[in-house]
Amino acid sequence: MLSKRILISAALVSILVGMLGVLIFTQQRIARCSPVPLLAAELLPNHNFARPGEVEGMPAGWSRAAGGVQLRGPAVDGEGFDLDGDGRALQLIGIANAVQTPITPVEPGQRYCFSGFALTDSPLGSPTRARLVFEWHNAAGTPTAEAATIWQPVRLWTPDLRGWSALQGSFVAPPDARNLRVRIEAASDDRLYLDLMHLQRGGEDLADLAAAEPPIPQIAAWPNDRRAAVAFTFDWETTMGGLIHSRSLGDPNADQDPLARGLRMREGVTTTMQIFARYDVRATYFATGYNFLLGNVEQRQFMNNPTFTWATPENGWLAERWRDTPWFADDPYSTVQSDPAWYFGDLVPILRGAGHEIQSHTFSHFFGGYVDAATWQSDLTTWNQVAGEANVPPAQALAFPWSSSAGMSERSWDALEQAGMSAVTRLSDQAQYNLFPLDEQGLVQESRCRWLPGREGRMLACPDFYLQPELTDLALAQIERAVEQGGMIDIWAHTEEVISPAQRAAWERVVQAAATNPAVWVAPFSEIAAWQRAVAQVQIEALGAGRYRLHNPSDLALPGLTLQLGDQRVQVDLGAGEMLEVGT
């Protein structure tokens, strides 16, 4: 028989092995940000949204950047989804919006992790992405630092595929951090549902989900040490390319004769070019597809001549007609000589010969947020096709018709990027979609291009200012703000507007102010965007002894690139793909 001592020893060993197993299991759960009672307790107040807040539709402690965030679910309104069975989830809509957690106390130097789940029921059938941003606050309650995760995929709900996607992130609290708020942001306007969200200590296994830190800026934003960039741009449409389809929302001339408007659009090319010629300024004309045609006697059918059932009075159209009428049904199938309001192909070589650029206002002038990715792809392909027939390069930039970016799905943004679009403007000013909010004066608060959420390094969104005579002083102030911020502004109007004496005087004054300001670089819209993208790619390697190696991996030459080296500012010409050594 085994001795009593051996049995006791075996039992102790078994207990120790069991305890070790429990410890390893516990550590693994904490590292994965899985709840462990007592050891990794829930830190997020009202994590299950059980307590209602003072704001209708919001749980206590939770907040939002704009409307479009609210409680949904079977227990709330009988709509939407929930994951944990309590009938509640948070809805998030808007690329410029965010769900914001309650403020939570933290300790400096400790690692904290957040875990939640998301899905989308995009009406355009698009999956999407989301990310977490840890916002650290000091003892005074002031935000002092942020740390973001990579953009993480969010599954599209279908009757056959109902799973949710995990959203996770983990960061170490900075030395001055005393509180934490986590933001959940979306990469598109597809509706998200968020549930089963937790905050706890740990999460070492999630460290790889952190987004790469951008390099410390050492390069001036604009060439030749200019402090701001200004683009002068126009939305330029034929009668067929938008005016015949005009909405009562977002179009000050919607109730006017589309034929007369088309002729004014044509005349405005001449008047604007006259202004720019006096100051050696090159501008950007955002054109619709019929602008490239000299006529359509062949009766070409573009994009299969779609019918857009969303073009109704409920959505801002003046009448029911376009709900069931093919979009290009009114094409007179004639020539520019007989119907000059409908086709502008004769103006294209004149603009290009004067150094101006033509970029996309879509082929069909549809509402961007209402169409699916396939329609976007068809439109962009057709624009590039007819542009190519007029010897115009494929578009790299897009101005949304009617500022209609609200509702853009992830797949729609993919279609733009795949078609070669690298910069966009005329974006929605609805709060949850607005990437460029205004201050109390009516100025863009942050007057600089920014990366489109989820497309960092690939697609820029740029702010614009709609110039009208009564806003001339404000436009000049907006340019000065861009100078102060080292940013950019796109000053725009429709060409039809710059034919009245008041509008021509306003444009003359603003163009002169920008063109004669040594701090301002005036250039076409796509050139400004291309410069910013290329500068973001420049690599700087420290060689020691005050010397650095620059590398420009882009295909764009960067003449007049300005660097701050110690107390010196140095200008260099850095060619495409070139390496160059500089030093103090």
Members of the stretch 467-490 that are small (Gly, Ala, Ser) and farther than 15 Å from LEU438 by Cβ: GLY486
Residue within the stretch 45-56 that is under 21 Å from PRO159 (Cα atoms), aromatic (Phe, Trp, Tyr) and in contact with a strand residue (DSSP E or B) (Cβ under 9 Å, 6 or more places away or on another chain) present: no
Residue pairs meeting the criteria (Cβ under 6 Å; at least 6 apart or on separate chains; first touching a residue at least 40 places away in the same chain (Cβ under 8 Å) and not assigned by the TED database to the domain that holds ALA98, in the stretch 52-80; second surrounded by fewer than 16 Cβ atoms within 10 Å (Cβ to Cβ) and among the aromatic types (Phe, Trp, Tyr)): none
Of all residues in the stretch 361-401 being hydrophobic (A, V, I, L, M, F, W, C), under 19 Å from LEU452 (Cβ atoms) and not in a loop (DSSP other than H, G, I, E, B), the one that is most open to solvent (accessible area, probe 1.4 Å): ALA373
Cross-chain or 6+ apart pairs with Cβ under 7 Å, the stretch 287-307 first and in the same structural domain as GLY262 (by the TED database), then among the acidic types (Asp, Glu) and open to solvent by 30 Å² or more (accessible area, probe 1.4 Å): PHE292/GLU389; LEU294/ASP346; THR307/ASP324
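Matching residues to (1) within 29 Å of THR272 (Cα to Cα); (2) open to solvent by 10 Å² or more (accessible area, probe 1.4 Å):
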site	(1), (2)
ASN517	yes, yes
ILE528	yes, no
HIS551	no, yes
GLN571	no, yes
GLY575	no, yes
GLU581	no, yes
Search result, residues across the stretch 415-432 that are in contact with a Gly (Cβ under 9 Å, 6 or more places away or on another chain) and surrounded by fewer than 23 Cβ atoms within 10 Å (Cβ to Cβ): GLN430, ALA431, GLN432
Residue in the stretch 340-357 that is on the phi < 0 side of the Ramachandran plot, free of Cβ contacts under 8 Å to residues at least 24 places away in the same chain and outside any loop (DSSP other than H, G, I, E, B) present: yes
Selection from the stretch 485-515 of residues that are among the aliphatic types (A, V, I, L, M), open to solvent by 20 Å² or more (accessible area, probe 1.4 Å) and free of Cβ contacts under 8 Å to residues at least 40 places away in the same chain: ALA502, ALA505, ALA513
Single match in GLY442, GLY420 (criterion: within 26 Å of THR375 (Cα to Cα), in a loop (DSSP other than H, G, I, E, B) and of a type outside the set (D, E, K, R)): GLY420
Verdict on LEU263 being open to solvent by 20 Å² or more (accessible area, probe 1.4 Å) and either of a type in the set (S, T, N, Q) or in the same structural domain as GLN396 (by the TED database) (or both): yes
Verdict on VAL133 being assigned by the TED database to the domain that holds GLY202, touching a Ser or Thr at 6+ places or on another chain (Cβ under 8 Å), of a type in the set (Val, Ile, Thr) and at pLDDT 95 or above: yes
Residue check, ASP255 open to solvent by 40 Å² or more (accessible area, probe 1.4 Å), touching a Ser or Thr at 6+ places or on another chain (Cβ under 9 Å), among the charged types (D, E, K, R) and not in a helix (DSSP H, G or I): yes
Members of the stretch 402-414 found to be out of contact with any Lys or Arg (no Cβ under 6 Å at 6 or more places or on another chain) and either of a type in the set (S, T, N, Q) or surrounded by 24 or more Cβ atoms within 10 Å (Cβ to Cβ) (or both), listed by number: SER404, SER405, GLY407, MET408, SER409, GLU410, SER412, TRP413
The stretch 309-338, residues that are farther than 17 Å from SER364 by Cα and among the acidic types (Asp, Glu): GLU314, GLU320
Which listed residue, of ILE184, ILE275, ILE219, is touching a strand residue (DSSP E or B) at 6+ places or on another chain (Cβ under 7 Å) and either surrounded by fewer than 19 Cβ atoms within 10 Å (Cβ to Cβ) or within 13 Å of THR495 (Cα to Cα) (or both): ILE219
Leading residue by the ranking (farthest from GLU213 (Cα to Cα)) among those in the stretch 536-551 that are among the hydrophobic types (A, V, I, L, M, F, W, C) and touching a residue at least 12 places away in the same chain (Cβ under 8 Å): ALA545
Count of the stretch 335-355 residues which are of a type outside the set (A, V, I, L, M, F, W, C) and either touching a strand residue (DSSP E or B) at 6+ places or on another chain (Cβ under 6 Å) or surrounded by 23 or more Cβ atoms within 10 Å (Cβ to Cβ) (or both): 2
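The values are calculated or read from the model by the stated rules, or taken from the named source; none is laboratory data. This is a predicted model, so every value here is computed, not measured. Quick reminder, even Gly has a Cβ in these numbers, built from the backbone with ideal geometry, and neighbours come from all protein chains shown. Side chains included, ligands, DNA and RNA excluded: accessible areas come from the protein's heavy atoms. Shrake-Rupley method; radii C 1.70, N 1.55, O 1.52, S 1.80 Å.
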